[in-house]
Amino acid sequence: MRLLIALLMTLVAPLASADRWSQTLLEARGQTVYFNAWGGSEVINQYIARVAQTLASEYQIQLVHVKVDDIAAVIARLDTERRARASQGSTDLLWVNGENFARLKQEGLLGEPFVDALPNAQFLDPNDVTLFNDFSIPTDGLEAPWGRARLVFLHDTSVLPAPPTSLEEMLSFALENPGRVSYPKPPNFHGTTFLKHVLLKTAPNPDVLAAPVTPTAFAEQTASLWNFLDRLHPVAWRQGRQFPDSAEGMMQLLADGELAIALSFNPNDAANQIAVGRLPETVRTHIHQGGTLGNTHFLAIPLNARARAAALVTINALLSPRWQADKANPEVWGDPTVLDMRRLDSDARAIFAALPISPAVLRADQLGPALPEPHASWTEPLEATWRARYLTQ
């Protein structure tokens, strides 16, 4: 009897799940999703706009891209709405990183777990821990993976044929070529990413970085980071008294010849920048030996989202092989997919296999290992200490 019940459950569960998703699709029709996401990249903005057109025509969902510079400001608004007991909030969907997810989760600003309810979640590898942990914090189904990121460096081969492939080589290059190296000013996301990369490369015990920060651990693990920056800044762009405001600003400085090296958290960004004419065709991508910082970025639904059903449909669409392949196309965005090719059918795999490969970027097997993000609690003291040391000079 137990065996019969178990068999019936395995047959009924998929049907029930399908019925629930059908209900979600019906509920989503006519809803408007306010998608709060970074708006600093035109290629990303164009991608989201094209997704919005498809959602409107195929699901009768209106997707509004609310372009923001810092998701932390959105989280502050969500907290204010909760304190005001606003059951219908102003945000339905968020593009978040690990630091923001940690705050959202800790403060109870997210709704119920939803990832397992998405039909396209079947294409995620359940054994890939990077898809279910964000800055060493379990996601618990509260956010869905959307894309992968890797820190890469860009150089113009006509100016710099052999770029530095380690921090020490970068420092040596800066000493020999004053003013040609820099990084974005923290807390700009890319600037903080560079700090974390240096920390991972210089910490005496990088494994400690996966645990919540303590004053003792912070002092011990960051000493070499500050030593490196102390040596770099005097020979950096504008003697380390000023910093580019963003990775996009670095790209322009690279194009203008002021900087010899730029950085990005998108391994395909060089191809994107060349395609839109921002960088010359002689630009190429390089990394540091032993790998660079890497992570997965996610989509989350706030607790008081007024269009939760439409947000679920939107996330499911963004996880479809169709839109994941389009996003991974370096001529579109170049954001690496989170889907497991082994779980796709032959037609879907063929779409990914046909994506163009630019000589300006590195293949996946050339990127080396992805260094894991430190625990989210390390970010704030890193940024605060950086400000105290370098913005008061």
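What follows draws every value from the coordinates through simple rules; no lab data is involved. Because the structure is a prediction, the values reported are computed rather than measured. Virtual Cβ from ideal backbone geometry, glycine too; neighbours counted across all protein chains shown.
For the range 86-168, a Kirkwood radius taken over Cα pairs fed into Stokes-Einstein (10 °C, viscosity 1.306 mPa s) yields D = 100 µm²/s.
Sort largest first and round to whole Å: the equivalent ellipsoid semi-axes of the range 136-253, each the square root of five times a Cα gyration tensor eigenvalue. Mind dumping the intermediate values first?
Working: eigenvalues 148, 76, 36 Å².
In descending order the semi-axes read 27, 20, 13 Å.
The average projected area of the range 200-288, computed from the convex hull of its Cα atoms over all directions, is 7.3 nm².
Could you tell me the distance between the Cα centroids of the range 234-279 and the range 106-132, to the nearest Å? Computed from Cα coordinates, the inter-centre distance equals 34 Å. The C-alpha radius of gyration of the chain, expressed as a fraction of 2.2 N^0.38 Å, stands at 1.04.
Near the amide H of HIS375, within less than 5 Å, lie the amide hydrogens of ALA210, ALA211, all on another chain or at least 5 residues away, with H placed in the peptide plane.
A P(r) calculated from all alpha carbon pairs of the range 277-360, with 10 Å bins opening at zero, reads 13, 34, 33, 16, 4 percent.
Percent of alpha carbon pairs in the range 244-393 separated by more than 21 Å? Cα-Cα pairs of the range 244-393 separated by over 21 Å account for 60 percent.
Each DSSP beta bridge with both residues in the chain is either parallel or antiparallel, and the antiparallel ones are about 65%.
Packing-wise, with mean Cβ within 10 Å as the measure, how do 198-210, 306-318 rank, highest first? Walk me through the intermediate numbers first.
Numbers: 198-210: 16.9, 306-318: 23.4.
Final packing ranking: 306-318, 198-210.
Straight-distance candidates among the aspartates and glutamates for linking to LYS67, with alpha-carbon spacing under 15 Å and chain neighbours fewer than 8 residues away dropped: GLU42, ASP92.
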